[in-house]
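First the structure, in the form of structure tokens, and then the observations on it.
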2 protein chains.
Amino acid sequence: MQNSIKGEPLRGSRKTYVEGKLFPIRVGMREIVLSTGNCPVTNPDTLTVYDTSGQFGDEKESVDLTNGVNPIREKWIESRNDTEKLKELSSEYGRARLADDSLSHLRFSHVNRNPRKAKDKPVTQMWYARQGIITPEMEYVAIRENQRLEEKMNGQFKPVTPEMVRDELAAGRAIIPANINHPECEPMIIGRKFLVKINANIGNSPVTSDIASEVSKSIHAIRWGADTVMDLSTGANIHETREWILRNSPVPIGSVPLYQALEKVGGKAEDLTWDIYRDTLIEQAEQGVDYFTIHAGLLREHIPHTVNRMTGIVSRGGSIMANWCSVHKKENFLYTHFDDICDILAAYDVGVSLGDGLRPGSQFDANDKAQFGELKALGELTKRAWDKHVQVMIEGPGHVPMHMIAENMEMELKHCFDAPFYTLGPLVTDIAPGYDHITSAIGGAMIAQMGASMLCYVTPKEHLGLPNRDDVKTGVVTFKIAAHAADIAKGHPGAILRDHAMSKARYEFRWRDQFHLALDPDTAYDFHDATLPDEADKQAHYCSMCGEHFCSMRANRKIRELSS
Amino acid sequence: MQNSIKGEPLRGSRKTYVEGKLFPIRVGMREIVLSTGNCPVTNPDTLTVYDTSGQFGDEKESVDLTNGVNPIREKWIESRNDTEKLKELSSEYGRARLADDSLSHLRFSHVNRNPRKAKDKPVTQMWYARQGIITPEMEYVAIRENQRLEEKMNGQFKPVTPEMVRDELAAGRAIIPANINHPECEPMIIGRKFLVKINANIGNSPVTSDIASEVSKSIHAIRWGADTVMDLSTGANIHETREWILRNSPVPIGSVPLYQALEKVGGKAEDLTWDIYRDTLIEQAEQGVDYFTIHAGLLREHIPHTVNRMTGIVSRGGSIMANWCSVHKKENFLYTHFDDICDILAAYDVGVSLGDGLRPGSQFDANDKAQFGELKALGELTKRAWDKHVQVMIEGPGHVPMHMIAENMEMELKHCFDAPFYTLGPLVTDIAPGYDHITSAIGGAMIAQMGASMLCYVTPKEHLGLPNRDDVKTGVVTFKIAAHAADIAKGHPGAILRDHAMSKARYEFRWRDQFHLALDPDTAYDFHDATLPDEADKQAHYCSMCGEHFCSMRANRKIRELSS
């Protein structure tokens, strides 16, 4: 693994920081540097945009991967004085891995730092919010959401305030996934009133992958805009891989603890026990995972409804738990132990992402009895988690035809009491393997416009193979498009400004500004170079599509002269 | 140029033909050959799908590009006995090009075939429909739309009938673009009650491109599913390039005659005259162009509304005509001569695609006074064209935020009396150059669901450069996704069946069937091979994404056993 990575913003950008007013915090943002004072935002020559890249996107920083990124939240957590450093890892598995010398070469150097745990009450952002407390995390996300617009828009922008963040958290309408053992995490918020977020899945599989390439994918994902990263590893050395990813991640990390629990029992679902699962939860909570997908809403009674499906149960977690229930003829132990689970989560502030184990895997199965039956159970679990002050979001489909998407959003809001909805697409057709980033971006943009708070990306490799670094980037950029389109449609004033800046640059033939304002400046440069590689063409008042005489933008100048 | 091209269906498919009942016609379709009798369509081991590839997709055929594809409509047109072969080309320009020996090396060999023209009345499909006549073209599209479902779905499918096609044509709600001088054209229908169609733009520009590569792009576009192709050439030898494209095109070809007219006056918009434009219309009509984009609805009164736009006039044709109007201080000559234009179109059955010269070029300009002012004028022109029995469709935007798309469809239906809507995307954000096939597929899928009849594709090169062959394919496949998703959402029973076949193949680990059912089998194969290249993996009951233990599809078998 390359040990040291020099910070590098996207082309044409630089890192900038905004200081807190309530707390001594500084919130990283990206400043796109424009060549003109004509930017439609009042600040003359830059546009400030949301930035997920952390130190990796700061030209003044470099990250030693063996040390990890800055633990910016450490002091905030300490100063709350409601947690304690444990003397050792609480999970048996964690201790066993630490004691195993044969793993030394794989181990993150600082892995033996002691984990932190709540002393005697919940330490979740929801708990603080309900006490009326504003945390540094809350001020951080408020500043972050505003993207400096309150400075620039001269009263036309109603900024997100820490108080509004607190109120949304208290009501359960938003979450800040921020484990006390992931101090490296730059806080972000997921909720309907905030910018739409996207998640990138990475993780090894038994068939392929290694630690270095997973860390590299994770860093690549946040460079291009992933708001959270889920480590879905199911292969070798999951524990050690996760540690490397967490210590080097400025974004929240999610996981599906069930995958690792299954590895621990040699892949046999029927051998899973609550004790093994519980130990896995604690193991991962003490590493710092910020949210867990937990398939606790898949009940025994739902399983018969999947028998006549076209594609049965396509969620990995769902199929594992359905298998367990079927073999043991018992209720899902994640459901029966859900209160115990929540007690653990509350002690570390791990959010729960209630898994949709029965999401449809084909257009045929969309919105069926199995899916909506589980969704209602997720609503019941939401209430139970909230009773323990655990932050909750709800996972959603999947494969859904366009005309059936709205019902998903409506049912989620109704049955899950406005908890944030986190969907996988949905894919609006099944017939485009190789292009499922697109089939899902269509459904994703639509459901985000309707109110979904976070979209899980899908890469071009979906249904075909494990994504590589390039696929990760394509997935992230594609879902940034879907999320951004939804932000515009929802009327977010900060979203459309970047479009205006781009359009103005287009009209004025500021090619470099266009590239730099793009979600992916590198590809924009490359595509332009493919037909017009000369330096002079970056100044030209036309391009290869139409040439000089047929350039409408060019013609406009004359029309405007003549019309004035 | 490669002279002979052997017909080659997509991987895993073969060509099939359905015979007419009213006429001696045979309609080409593509049969996807499956490895099982479990296809959800009752025909045991194949799925028949719509096919735009003509002879190029028939393994039993080969095409000599210097001869062109089969003129299947020739006899149909002849037998109507309402047209005559002219002794020579009617356009001055066409005759001059033919007389110019220096062009011999560029000329399509059969270019000196005499064009055909109506004897003494309109020869449009709309005219026939209004007389109650069913033409072979009408039966052809009815058979084509049905994709053999009436044979297979055992009464559950309400097939498209020639009578229904006739009624839609007569009402102006659908068009069959089919110039009497393009006998090679396999008829297709564009209208809200039929499958959503897509158009691929090709064409050289003064900066780049040549005849061979444009013909190659055209054939590539129809291989992957383009229903029509627009030749938007603006560079050298437009006339000769178009002839090659037409003679080798089994799909309707559209053009924007204004581009060539502008070339004829050296690129100076102010030098354009009705006579030059008129001669260009006739020149292209006699070559066989099936529909013309004509920017006749951009009126002088609209121009002032564009002055405060973010991106002014972005339509090339729109900017040319606005320029002309502004210089001459006269009304748009395409508007004042619109009845003359329609007389020409009616004599060859060229459809008119009423151009949206004032479509928005940015989110900022969407749905503004300029755009909707022009749309109302297009409605007036629709009536005038219909008075002359000319087939009409209406072009639409462009760049539109998601929440403003519906208004576009509603306004079009209202002001243009249900004439088919043909939109360019719309792109739902401006900030993703390099990915505008995706930004536009999102808007395209949505507006097609709402009722747009044809989507003009956008390639990844949009806003950056001229698309190459690969970009053409990416654009086509992406828009097939949007169109297909809309067909599903509109409830087309034939659309969703392919999704069901795919999902069933997925559930049964029939990997090859999955690849063959995909819109792009080659990419599906390649992506699967990228992680699991072994032949045995094409049989495996899992893939590299999850591996064996984590394969939910695999787990389902057990769950079903236990549940039954």
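The values are calculated or read from the model by the stated rules, or taken from the named source; none is laboratory data. What you are looking at is a predicted structure, and each value in this text was computed from that prediction instead of being measured. Note that we place each Cβ from the backbone using ideal geometry, even for glycine, and neighbour counts take in every protein chain shown.
When every residue of the range A:143-156 is checked against the conditions, at least one turns out to be modelled with pLDDT of 95 or more, closer than 23 Å to A:Asp349 by Cα and charged (D, E, K, R). When residues in the range B:528-564 are screened for being out of contact with any helix residue (DSSP H, G or I) (no Cβ under 9 Å at 6 or more places or on another chain), within 7 Å of chain A (Cβ to nearest Cβ) and at pLDDT 75 or above, 1 of them pass.
Whether any residue in the range B:499-517 is at negative phi and within 19 Å of the chain's Cα centre (by Cα) is what I want to check. Looking for residues that are at negative phi and within 19 Å of the chain's Cα centre (by Cα), one finds none in the range B:499-517, hence no.
Just one of the numbered conditions (1) in contact with a strand residue (DSSP E or B) (Cβ under 7 Å, 6 or more places away or on another chain); (2) farther than 18 Å from B:Ala178 by Cα is not true of B:His328: (1).
Conditions (1) part of a loop (DSSP other than H, G, I, E, B); (2) surrounded by 21 or more Cβ atoms within 10 Å (Cβ to Cβ), marked per residue:
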residue	(1), (2)
B:Phe157	yes, no
B:Glu163	no, no
B:Cys185	yes, yes
B:Ser218	no, yes
B:Ile222	no, yes
B:Gly225	yes, yes
B:Met230	no, yes
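Any residue that is surrounded by fewer than 24 Cβ atoms within 10 Å (Cβ to Cβ) and either under 19 Å from the mean Cα position of the chain (by Cα) or within 14 Å of chain A (Cβ to nearest Cβ) (or both) - is there at least one of those in the range B:171-179? Checked against the condition, which is being surrounded by fewer than 24 Cβ atoms within 10 Å (Cβ to Cβ) and either under 19 Å from the mean Cα position of the chain (by Cα) or within 14 Å of chain A (Cβ to nearest Cβ) (or both), the range B:171-179 yields at least one hit.
In this structure, does A:Gln147 turn out to be buried (at least 18 other Cβ atoms within 10 Å of the Cβ) and at positive phi? When the stated conditions are applied, A:Gln147 passes them.
Being facing chain A (nearest Cβ under 7 Å), at pLDDT below 95 and surrounded by fewer than 24 Cβ atoms within 10 Å (Cβ to Cβ): is that true of B:Val327 here? No: the conditions fail for B:Val327.
One residue alone among B:Arg148, B:Arg166, B:Arg192 is touching a Gly at 6+ places or on another chain (Cβ under 6 Å) and among the basic types (Lys, Arg), and that residue is B:Arg192.
Taking the range A:168-204 as the range and being of a type outside the set (Phe, Trp, Tyr) and more than 28 Å from A:Glu286 (Cα to Cα) as the test, the residues that pass are A:Arg192, A:Lys193, A:Leu195, A:Val196. The residues on offer are B:Thr52, B:Thr66, and the sole one that is surrounded by fewer than 18 Cβ atoms within 10 Å (Cβ to Cβ), in contact (Cβ under 8 Å) with a residue 40 or more places away in the chain and not small (Gly, Ala, Ser) is B:Thr66. Only one of the numbered conditions (1) at pLDDT 95 or above; (2) surrounded by 13 or more Cβ atoms within 10 Å (Cβ to Cβ) is not met by B:Lys85, and that is (2). Answer yes or no: is there a residue in the range A:496-512 that is of a type in the set (Asp, Glu) and touching a residue at least 60 places away in the same chain (Cβ under 8 Å). For the range A:496-512, residues of a type in the set (Asp, Glu) and touching a residue at least 60 places away in the same chain (Cβ under 8 Å): present. The requirement of being of a type in the set (D, E, K, R), crowded, with 24+ Cβ neighbours inside 10 Å and not in a loop (DSSP other than H, G, I, E, B) is satisfied by A:Glu374.
Residues that are within 14 Å of chain B (Cβ to nearest Cβ) and acidic (Asp, Glu) were ranked within the range A:412-436; the one that is nearest to B:Asp529 (Cα to Cα) is A:Asp436.
For (1) more than 20 Å from B:Tyr259 (Cα to Cα); (2) at pLDDT 95 or above; (3) surrounded by fewer than 24 Cβ atoms within 10 Å (Cβ to Cβ); (4) within 14 Å of another protein chain (Cβ to nearest Cβ), each residue gets a yes or a no:
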{"residue": "B:Val307", "(1), (2), (3), (4)": "yes, no, yes, yes"}
{"residue": "B:Ser353", "(1), (2), (3), (4)": "no, yes, no, no"}
{"residue": "B:Arg359", "(1), (2), (3), (4)": "no, yes, no, yes"}
{"residue": "B:Glu380", "(1), (2), (3), (4)": "yes, yes, yes, no"}
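Counting only residues that are in contact with a helix residue (DSSP H, G or I) (Cβ under 9 Å, 6 or more places away or on another chain) and part of a helix (DSSP H, G or I), the range B:430-443 holds 7 of them.
Against the conditions (1) in contact with a helix residue (DSSP H, G or I) (Cβ under 6 Å, 6 or more places away or on another chain); (2) touching a residue at least 12 places away in the same chain (Cβ under 8 Å), B:Val265 satisfies every one except (2).
With respect to being under 30 Å from A:Ser213 (Cβ atoms), among the aliphatic types (A, V, I, L, M), surrounded by fewer than 24 Cβ atoms within 10 Å (Cβ to Cβ) and touching a Lys or Arg at 6+ places or on another chain (Cβ under 6 Å), A:Ile282 falls outside the description. So, A:Leu258, is that one closer than 15 Å to A:Gly318 by Cα, modelled with pLDDT of 95 or more, crowded, with 23+ Cβ neighbours inside 10 Å and touching a His at 6+ places or on another chain (Cβ under 7 Å) or not? Here the answer is yes, as A:Leu258 does meet what is asked.
Of the set (1) crowded, with 21+ Cβ neighbours inside 10 Å; (2) within 30 Å of A:Asp499 (Cα to Cα), all apply to A:Asp45 but (1). Contact annotation: residue pairs with Cβ atoms under 6 Å, 6 or more positions apart or on different chains, pairing a residue in the range A:4-25 that is within 11 Å of A:Tyr140 (Cβ to Cβ) with a partner that is outside any strand (DSSP E or B) and hydrophobic (A, V, I, L, M, F, W, C), are A:Val18/A:Ile143. Scanning the range B:449-476 for residues being out of contact with any Ser or Thr (no Cβ under 8 Å at 6 or more places or on another chain) and farther than 22 Å from B:Asn204 by Cβ gives a total of 4.
Candidates in the range A:431-450 are the residues that are closer than 20 Å to B:Ser503 by Cβ and touching a strand residue (DSSP E or B) at 6+ places or on another chain (Cβ under 7 Å); of these, the one that is surrounded by the fewest Cβ atoms within 10 Å (Cβ to Cβ) is A:Asp436.
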